[in-house]
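Asks: My questions all concern the structure below.
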């Protein structure tokens with residue numbers, strides 16, 4: 001997740017985008033070079049719900065397959081985990097809670113990854129401050145906080161000083177849930193930070209004060225505190241000025257079926273009112289490289305087909321998107337700005353939007369509808385944070401900028417996996433530039449067959 005690999009899109013991983021899935025019993029070697037990144041990156045499957053790290057009292061693949069069959073939202077998880085264990089606030093793992101040993105006075109680096117499928121999370125360590133030094137494998141200007149918020153796929157590197165009274169302190173995470181009246185897993189996963197001199201203690205660990213599940217102010221306070229360590233070279237002469245709406249929707253139930261979404265409908269999701277459809281017999285990148293036809297089109301729109309009050313009372317006529325495998329082409333080296341605008345279709349929600357193959361600057365974020373006349377004055381073009389996943393605020397917007405210098409097909413999608421299942425995605429097709437170093441490499445010989 002978030003590997004900045006140049007010209008090797010074949011190693012990116014999302015099924016039917018850059019490769020076909022590895023068949024049972026098969027193998028594929030991912031070959032790439034990481035460039036310009038230092039810190040924590042995450043490796044995960046990009047096929048259905050195979051990357052599940054929450055706990056269900058069921059097979060997660062069965063959970064999502066049942067949701068796809070009925071059109072309803074999938075059942076929520078039964079537990080979150082820290083390093084594979086839910087923690088002793090759940091009966092199922094009370095004897096297997098992860099323990100992190102520390103010595104008094106030492107400073108440790110915690111690499112925090114939100115590996116949950118469908119939930120943004122607050123994270124804290126009781127009685128300890130966290131000094132944020134990196135996000136998404138990129139350094140940040142250090143700042144201290146008691147709580148961090150991560151969307152699925154996001155990573156945060158923090159320094160923690162063991163400067164408290166020797167004892168046992170809970171490391172804890174719980175949901176940040178921004179969608180109104182939507183069911184969610186309202187449990188708390190824990191590990192234990194244990195001072196060496198308290199190893200034999202039977203005392204109960206101290207719990208941190210985590211924000212309420214719907215505390216958007218706490219989430220925003222964290223994301224808006226992020227800065228690059230120094231002045232950075234943000235693209236200013238914009239070649240592609242794009243505006244993408246992101247949100248949910250509802251499809252009518254097909255004739256002859258019984259659907260279990262709201263009022264007998266099926267849940268869907270879209271960007272610019274286009275619900276993304278993955279091919280099933282060919283990957284998009286292979287089709288691009290071999291010039292195969294009838295796999296995708298290059299007509300994803302630069303703006304929504306209809307302007308409306310995106311975060312207001314949206315007409316039900318706009319709740320049903322079209323569908324297709326549509327890409328937006330970018331010339332090599334072009335400077336790109338994307339306004340990501342959340343919508344209130346069905347509900348407002350914070351969407352963690354991830355772009356494959358690129359890091360980008362988050363130059364601004366805000367609430368309500370983006371206004372180009374007034375909101376551009378809020379742009380940070382000096383030291384904005386660089387990330388690969390941006391949390392688009394609930395009922396709001398975020399603006400990102402990047403240079404299209406990595407040829408290939410690169411997926412952009414919501415990292416709440418149920419949303420990408422419903423179609424909240426699109427893909428950029430970045431054309432080759434001049435010469436070998438600006439050209440997509442040839443496909444590897446062991447690329448999985450379709």
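Asks: Please work out if residue 247 is under 20 Å from residue 323 (Cβ atoms) and either within 22 Å of the chain's Cα centre (by Cα) or not in a loop (DSSP other than H, G, I, E, B) (or both).
Replies: Yes: the conditions hold for residue 247.
Asks: Okay, next question. So which of 313, 294 is free of Cβ contacts under 8 Å to residues at least 12 places away in the same chain, surrounded by fewer than 17 Cβ atoms within 10 Å (Cβ to Cβ) and outside any helix (DSSP H, G or I)?
Replies: 294
Asks: If we only count strands (runs of 3 or more DSSP E) wholly inside segment 320-376, which ones have 2 or more residues that are touching a strand residue (DSSP E or B) at 6+ places or on another chain (Cβ under 7 Å) and within 30 Å of residue 182 (Cβ to Cβ)?
Replies: 322-324, 335-342, 351-355, 360-367
Asks: Among (1) surrounded by fewer than 21 Cβ atoms within 10 Å (Cβ to Cβ); (2) assigned to a loop (DSSP other than H, G, I, E, B), which single condition is residue 111 missing?
Replies: Status for residue 111: all satisfied but (2).
Asks: Residues of segment 59-78 being part of a loop (DSSP other than H, G, I, E, B) and either at negative phi or touching a helix residue (DSSP H, G or I) at 6+ places or on another chain (Cβ under 8 Å) (or both), which ones?
Replies: 59, 72, 73, 74, 75, 76, 77, 78
Asks: Continuing with this model, one more query. From the set of residues in segment 183-220 that are in a helix (DSSP H, G or I) and in contact (Cβ under 8 Å) with a residue 24 or more places away in the chain, which is nearest to residue 110 (Cα to Cα)?
Replies: Step by step, filter segment 183-220, then rank; the result is 196.
Asks: Considering only segment 115-141, how many residues are in contact (Cβ under 8 Å) with a residue 60 or more places away in the chain and either surrounded by fewer than 16 Cβ atoms within 10 Å (Cβ to Cβ) or within 17 Å of residue 38 (Cα to Cα) (or both)?
Replies: 9
Asks: Where the second residue is in a strand (DSSP E or B) and surrounded by 13 or more Cβ atoms within 10 Å (Cβ to Cβ) and the first is on the phi > 0 side of the Ramachandran plot and assigned by TED's automatic domain parsing to the domain that holds residue 342 and lies in segment 253-272, which pairs have Cβ atoms under 7 Å and are six or more apart or on separate chains?
Replies: So the pair list comes out as 272/244; 272/245.
Asks: Among the residues of segment 167-202, count how many are surrounded by fewer than 21 Cβ atoms within 10 Å (Cβ to Cβ) and in contact with a helix residue (DSSP H, G or I) (Cβ under 8 Å, 6 or more places away or on another chain).
Replies: Qualifying residue count, segment 167-202: 2.
Asks: Residues of segment 121-174 being within 30 Å of residue 197 (Cα to Cα) and not in a strand (DSSP E or B), which ones?
Replies: 126, 127, 128, 129, 146, 147, 162, 163, 164, 165, 166, 167
Asks: A follow-up question, please. Looking for whichever is surrounded by 14 or more Cβ atoms within 10 Å (Cβ to Cβ) and modelled with pLDDT under 95 here; the options are 88, 96. Which one fits?
Replies: 88
Asks: For segment 384-413, give me the residue count where each residue is more than 15 Å from the chain's Cα centre (by Cα) and either at pLDDT below 95 or assigned to a loop (DSSP other than H, G, I, E, B) (or both).
Replies: Within segment 384-413, residues that are more than 15 Å from the chain's Cα centre (by Cα) and either at pLDDT below 95 or assigned to a loop (DSSP other than H, G, I, E, B) (or both) number 7.
Asks: Moving on to the next point. Quick one: which of 285, 327 is surrounded by 13 or more Cβ atoms within 10 Å (Cβ to Cβ) and in contact with a helix residue (DSSP H, G or I) (Cβ under 6 Å, 6 or more places away or on another chain)?
Replies: 285
The values are calculated or read from the model by the stated rules, or taken from the named source; none is laboratory data. Everything numeric here is computed off the predicted structure, so don't read it as measured data. Using ideal geometry, Cβ is built from the backbone for each residue, glycine included, and neighbour counts are taken over all protein chains shown.
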